[in-house]
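Here's the structure, in structure tokens; my notes come after.
The values are calculated or read from the model by the stated rules, or taken from the named source; none is laboratory data. Here the structure is a predicted model, which means the values were calculated and not measured. Note that each Cβ is placed from the backbone with ideal geometry, even for glycine, and that neighbours are counted across all protein chains shown.
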Amino acid sequence: MDRGTRITFLAMVALLVAAPYVLYPVFLMKVLCFALFACAFNLLVGYVGLLSFGHAAFFGSAGYVTAYTVKMWGLPPELGILLGAVTGAALGLVIGWLAIRRQGIYFAMITLALSQIVFFYAVQAPWTGGEDGIQSVPRGHLFGVVDLQRPLGMYYTVLALFLAGFLLVYRIIHSPFGQVLKAIRENEPRTVSLGYETDRYKLLAFVLSAMLAGVAGGTKSLVFQLASLTDVQWQMSGEVVLMTLVGGLGTIFGPVVGAAVIVTMQNYLAEFGSWVTIIQGFIFVVCVLTFRRGIVGEIMGRFGPKGAAPTGGGH
Amino acid sequence: MAGEFILETRDLTKEFKGFVAVRQVNLKVRRHTIHALIGPNGAGKTTVFNLLTRFLTPSAGTILYNGRDITHAKPASVARGGMVRSFQISAVFPHLSVRENVRVALQRPLGTSFHFWRSERSLEGLHERADELIEAVGLSEFRTAIAGELPYGRKRALEIATTLALDPEMMLLDEPMAGMGGEDISRIATLIEKVAKDRTVLMVEHNLSVVAWLCNTITVLQRGEVLAEGPYEQVSKDPAVVEAYIGTGHV
Ligand SMILES: Nc1ncnc2c1ncn2[C@@H]1O[C@H](COP(=O)(O)OP(=O)(O)OP(=O)(O)O)[C@@H](O)[C@H]1O
Ligand SMILES: [Mg+2]
């Protein structure tokens, strides 16, 4: 990590470690789950230039699998989340494989269509509990030791998972593989002409992103002790797009800031009922019009080192 | 595989919805030569390049590279086989630095390009070679510059460095000197001449003095068909070629 990133990262860790003594842990855990989800999404849109409109499928399905295996099979939480991650990755492999041959808007449309199939499956299948979802999921003990029923035990587990996911995304972006991803985002035909089978790189990125979305979804179902249709429907795919755009596409901290802003907003605006959606839409439009690069993107563009500004990507 | 011709096409044809852009082209590129493909705008030169490198699928005909039929190969595998192309429109990675641009090409042979868990520091060993290539195209002072911010001529030079980084057996250059000033042109022409010593170059170029200087063989394309072929002195006197070019004002 360069100096600026390292300092920002340490500040973020310090803030998050202290936060539950000031703010409600449940609120913070919600932010962290969505932050991880948005980081996973940003890996794809910000660094490969692939706009997926179906990420709720990975997030939501992983939530169901974690909730089901923990509640019905009595699996410990760590295994439940692991199975959630595997579910995300496996679904990512199938949906990614089908979508990656398409370009641009067609890619987005295919991911949306396939995630709708997953949604309808979740509505129909008996084990997902239909409209009720899977309720009263026991949080259990992490590795048989840490009692997740205690708010701080759960909080620091979620924080550890978030940080691990965040660092994994950082590493992926700054790896030999990440270099090829950036090349694909910048100029795919040129990358092909250098001998890279770009579809394979895109597919691996898609699977990694879906897996991390799965970790986020599985964790969320433990935090709220609930897996429901909300997390698997298309609005959730839209929400993660919104978070990433508001925070800053293609910036490492952007999705975290975006998730914090949107979740906070939803909390405080909850009293306005269905107006929340309209207010969100309004904020989205303001964002697109006034700070196109997102919050973090604009800050970096103004104060950061030259060339540090995010590079965007979705074509 | 030391055949006389490194690349051969047989009746290569490409049709776009009824419009024949390339018609029955038989091209033979001799090993270790610089071969020019010239012709007026819209003649089909770029389309031929796209067919040869498999960015487009031929409607008919075959392509042999080193005696091997690559008519149905994948574009990336053609590149890995040693035939690497450049593009007519500038094709750098605009948000990467000059050095990173070249490094993307250099890193492939390491075999770590799927290693998402490995630090990018593992690529630093490539910097020395990258810097040599960057120097060869006269970009040393721009090493850390962002590629997208380079002037047009410099971007083209960077593309050549990136192509050379793969040490290709055969290079296909689509108008490598378009948009360059006089000084840049002679530097790049000298470089092409130098690197062509132990490889084969097929290039599209509108600047005929460069063609006359560099190229051993010239193929003239017009409306998708081969109009003439031979060394510069012969082709430039061909009445059909003179007529085709007078019409477009190139000579
Ligand atoms: N994808 C395509 N679909 C339809 N027509 C095409 C396509 N690509 C090229 N063409 C047509 O084929 C013809 C040959 O185009 P090409 O780009 O190969 O010409 P060129 O010789 O490279 O010209 P220039 O000197 O302008 O670069 C043109 O008439 C062009 O409009
Ligand atoms: Mg052309």
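Looking only at the range A:175-200, which residues are at the interface with chain B (Cβ under 7 Å from one of its Cβ atoms), among the acidic types (Asp, Glu) and under 25 Å from the mean Cα position of the chain (by Cα)?
If the condition is that a residue be at the interface with chain B (Cβ under 7 Å from one of its Cβ atoms), among the acidic types (Asp, Glu) and under 25 Å from the mean Cα position of the chain (by Cα), then A:Glu186 is the only one that fits.
With the structure loaded, tell me whether A:Tyr24 is of a type in the set (Phe, Trp, Tyr) and surrounded by fewer than 19 Cβ atoms within 10 Å (Cβ to Cβ) or whether it fails that test.
yes
Could you list all residues from the range A:64-85 that are among the small types (Gly, Ala, Ser) and farther than 18 Å from A:Gln149 by Cα?
A:Gly84, A:Ala85
Can you list the helices (runs of 4 or more DSSP H) lying wholly within the range A:1-84 that have 3 or more residues being in contact with a strand residue (DSSP E or B) (Cβ under 7 Å, 6 or more places away or on another chain) and modelled with pLDDT of 90 or more?
Passing ranges, in order: A:56-72.
I'm checking my understanding of the structure. Among residues of the range A:263-284 that are among the aliphatic types (A, V, I, L, M) and out of contact with any Leu (no Cβ under 7 Å at 6 or more places or on another chain), which one is farthest from A:Phe34 (Cα to Cα)?
The residue in question is A:Ile278.
Just checking, how many residues over the range B:88-115 are among the small types (Gly, Ala, Ser), within 7 Å of another protein chain (Cβ to nearest Cβ) and in contact with an Asp or Glu (Cβ under 8 Å, 6 or more places away or on another chain)?
Qualifying residue count for the region: 1.
Give the residue that is surrounded by the fewest Cβ atoms within 10 Å (Cβ to Cβ), with candidates limited to residues of the range A:201-214 that are more than 15 Å from the chain's Cα centre (by Cα) and more than 9 Å from chain B (Cβ to nearest Cβ).
Applying the filter and picking the extreme gives A:Leu203.
Go over the candidates B:Thr46, B:Thr57 one by one and state the one that is within 15 Å of ligand 1 (Cβ to nearest atom), assigned by TED's automatic domain parsing to the domain that holds B:Asp198 and farther than 22 Å from B:Leu227 by Cα.
Going through B:Thr46, B:Thr57 in turn, just one is within 15 Å of ligand 1 (Cβ to nearest atom), assigned by TED's automatic domain parsing to the domain that holds B:Asp198 and farther than 22 Å from B:Leu227 by Cα: B:Thr57.
Only one residue in A:Gln266, A:Gln225, A:Gln280 is surrounded by fewer than 20 Cβ atoms within 10 Å (Cβ to Cβ) and outside any helix (DSSP H, G or I), so which one is that?
From the options A:Gln266, A:Gln225, A:Gln280, the qualifying one is A:Gln225.
Spot the failing condition for B:Val84; the list is (1) touching a helix residue (DSSP H, G or I) at 6+ places or on another chain (Cβ under 7 Å); (2) closer than 18 Å to B:Glu175 by Cβ; (3) within 15 Å of ligand 1 (Cβ to nearest atom); (4) hydrophobic (A, V, I, L, M, F, W, C), and only one is missed.
(3)
Just give me the residues in the range B:120-149 being surrounded by 13 or more Cβ atoms within 10 Å (Cβ to Cβ) and hydroxyl-bearing (Ser, Thr, Tyr), in sequence order.
Residue satisfying the conditions is B:Ser122 alone.
Residue check, B:Val204 against (1) at positive phi; (2) within 16 Å of ligand 2 (Cβ to nearest atom), all met but one. Which one?
B:Val204 satisfies all of (1) at positive phi; (2) within 16 Å of ligand 2 (Cβ to nearest atom) except (1).
Quick check on the range B:48-77: of everything there that is within 16 Å of ligand 2 (Cβ to nearest atom) and surrounded by fewer than 21 Cβ atoms within 10 Å (Cβ to Cβ), which residue is nearest to B:Gly224 (Cα to Cα)?
Only one residue fits best here, namely B:Leu56.
Taking only the range B:42-56 into account, find how many residues are within 14 Å of another protein chain (Cβ to nearest Cβ), in contact with a Phe, Trp or Tyr (Cβ under 9 Å, 6 or more places away or on another chain) and of a type in the set (Val, Ile, Thr).
Qualifying residue count for the region: 1.
Can you tell me which of (1) more than 21 Å from A:Leu203 (Cα to Cα); (2) more than 7 Å from chain A (Cβ to nearest Cβ) is the one B:Arg85 doesn't meet?
(2)
Residues of the range B:116-154 being more than 14 Å from every other protein chain (Cβ to nearest Cβ) and either over 21 Å from the mean Cα position of the chain (by Cα) or among the hydrophobic types (A, V, I, L, M, F, W, C) (or both), which ones?
B:Glu128, B:Arg129, B:Asp131, B:Ile134, B:Ala136, B:Val137, B:Leu139, B:Ser140, B:Glu141
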